[in-house]
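First comes the structure, then the notes that go with it.
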Amino acid sequence: MLPWLSFEKAKECLLPGVPSQDHNMVTGANKGIGLETVRQLAAVAGVTVVLTARDVKRGTDAVASLALPNVVFHQLDVQDSDSIRSLVDFICAKFGRLDILLSGQAMNMIQGVIKTSYDKARECLNTNYYGVKRVTEGLLPLLKLSTYGARIVNVSSLRGELWRIPNEQIRKELGDIETLTEQKIDGIVDKFFHDLKNDMLEVNGWSMMLPAYSISKATLNAYTRVLAKNYPNMCINCVHPGYVDTDINWHTGTLSVEEGAKGSVLLALLPAGSPTGRYFDQTEVAKF
Ligand SMILES: NC(=O)c1ccc[n+]([C@@H]2O[C@H](COP(=O)([O-])OP(=O)(O)OC[C@H]3O[C@@H](n4cnc5c(N)ncnc54)[C@H](OP(=O)(O)O)[C@@H]3O)[C@@H](O)[C@H]2O)c1
């Protein structure tokens, strides 16, 4: 857990006046599937959405474009610990708890990752895997205070499905929920970087289709499962949105953002007792 907000400190933030039937949530982003998810969730009665973006202008413009009274902006760069800290302080002061967290910012860097330069791969993992982890850890004390059992949704990709990784040992380690830990997942990321540096990705059986992006999503899925195991009273899932028409694929996607947001919205609003620790292909449970 990040050091700035302990569970005890978070409890002190509980605001006496916050109506418990109202749900609040944090999500990115200023465009694409994230923005459409905000639009759909903000239409649900009683939900206040904190739309985040790393760029203040792009974020405030996005909020203005929605013109919805229950959407507020806060800056968030998932690579920047100070930015995460500021978001945590904001949520704490404004709501005293957090009910729903949707994560899944990704850089439009697939082209760069095709060549898989070491620096680009670091940036990719630092955003898609470590970035989500940092934000989740920062907000967990407030998620624990949700009065109805928090929902966490991590936006993943079919590129992270385990069958796509040729190396059986890696598949086994990432797929065995009994023995999986955060340390093990981080160890797999380290191994990936070792092999990337030494030009051994192919020989050691890593996925060669967008290697860094693929492993960032495979580890994100594994992290989602570990979280779900650790917090059984929450609903924590990950979702592949489909092949959606956004900047990330230069608008080659075949689904609209409205369709792409459906899975995230469904998982954000799951009723109590719903599946947790699962991977969804859009709105259906699928195999990791
Ligand atoms: N579109 C698809 O077909 C598809 C398929 C499978 C999975 N996905 C997943 O769906 C999610 C959303 O993707 P999208 O298609 O909506 O892509 P997008 O339109 O390119 O949106 C990506 C968003 O992530 C933000 N972002 C990037 N780095 C960030 C950082 N360090 N901190 C905060 N925000 C950051 C971007 O902000 P800026 O505007 O500042 O760059 C942008 O708002 C991603 O996780 C992606 O991997 C998409």
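The values are calculated or read from the model by the stated rules, or taken from the named source; none is laboratory data. Given the structure is predicted, the values throughout are model-derived calculations rather than measurements. We place every Cβ from the backbone using ideal geometry, glycine too, and count neighbours over all the protein chains shown. Surface accessibility is based on the protein's heavy atoms, side chains included, excluding ligands, DNA and RNA. Shrake-Rupley method; radii C 1.70, N 1.55, O 1.52, S 1.80 Å.
Taking only DSSP H segments of four or more residues, each worth -39500 (n - 2.57), what value at 222 nm results for the chain once the sum is divided by all its residues, to the nearest 500 deg cm²/dmol?
For the chain, the value works out to -13500 deg cm²/dmol.
Can you tell me the accessible area per residue over the chain, all protein chains present, probe 1.4 angstrom, in square angstrom?
Dividing the accessible area of the chain by its residue count gives 44 Å².
Expressed in nm to one decimal, what extension gain is obtained for the pair Glu258 and Ser65 from 0.36 nm per residue of sequence separation less their Cα-Cα distance?
67.9 nm
In whole Hz, what ³J(HN,Hα) sequence does segment 55-64 give by Karplus (6.51, -1.76, 1.60; θ = phi - 60°), x for Gly and Pro?
So the J values, rounded to whole Hz, are 9, 4, 5, 4, x, 5, 5, 5, 4, 4.
Sorting Ile33, Ile185 by accessible area (1.4 Å probe), largest first, what list results?
From most exposed to least exposed: Ile33, Ile185.
Provide the packing ranking of 84-92, 234-242, i.e. peptides ordered by the mean count of other C-beta atoms within 10 Å per residue, highest first.
The most tightly packed comes first, giving 234-242, 84-92.
By how many degrees, between 0 and 90 and to the nearest 10, does the Cα long axis of helix 32-42 differ from the longest principal axis of the chain?
Roughly 30 degrees, rounded to the nearest 10.
Note the angle between two axes, namely the Cα long axis of helix 81-94 and the longest principal axis of the Cα atoms of the chain, as a number of degrees from 0 to 90, rounded to the nearest 10.
30 degrees
Would you mind calculating the gained length between Asp190 and Leu158 on full extension (0.36 nm times residue separation, minus the Cα-Cα distance), in nm to one decimal?
Working it through step by step, the gained length comes to 9.3 nm.
Please arrange Thr224, Thr252 by accessible surface area, largest first, computed with a 1.4 Å probe and ligands excluded.
Accessible-area ranking of Thr224, Thr252, largest first: Thr252, Thr224.
Percent relative contact order of the chain, based on C-alpha pairs within less than 8 angstrom and at least six residues apart?
Relative contact order comes out at 20 percent.
What are the ³J(HN,Hα) values, in whole Hz, obtained from phi via the Karplus relation 6.51 cos²θ - 1.76 cosθ + 1.60 with θ = phi - 60°, for each residue of segment 174-183 in sequence order, with x given for Gly and Pro?
6, x, 8, 5, 4, 9, 5, 9, 4, 4
Counting only protein chains, not ligands or nucleic acids, how are Thr179, Thr27 ordered by accessible area (probe 1.4 Å), most first?
Thr179, Thr27
Which residues' amide hydrogens lie under 5 Å from the amide hydrogen of Ser103, considering only partners 5 or more residues apart or on another chain, with H built in the peptide plane?
Val153, Asn154, Val155
Of the listed pairs Lys133/Lys229; Lys172/Lys262; Lys31/Lys229; Lys94/Lys262, which have alpha-carbon separations greater than 21 Å here?
Lys172/Lys262; Lys31/Lys229; Lys94/Lys262, as the Cα separations exceed 21 Å there.
In terms of modelled amide H atoms, which long-range or inter-chain residues lie less than 5 Å from the amide H of Val244?
HN-HN under 5 Å from Val244: Thr254, Leu255.
Based solely on C-alpha atoms, express the radius of gyration and the Dmax of the chain in angstrom.
In order Rg, Dmax, the Cα atoms of the chain give 18.1, 59 Å.
If you roll a 1.4 Å probe over the chain with all protein chains in place, what percent of the accessible area is carbon or sulfur?
The value for the chain is 53 percent carbon and sulfur by accessible area.
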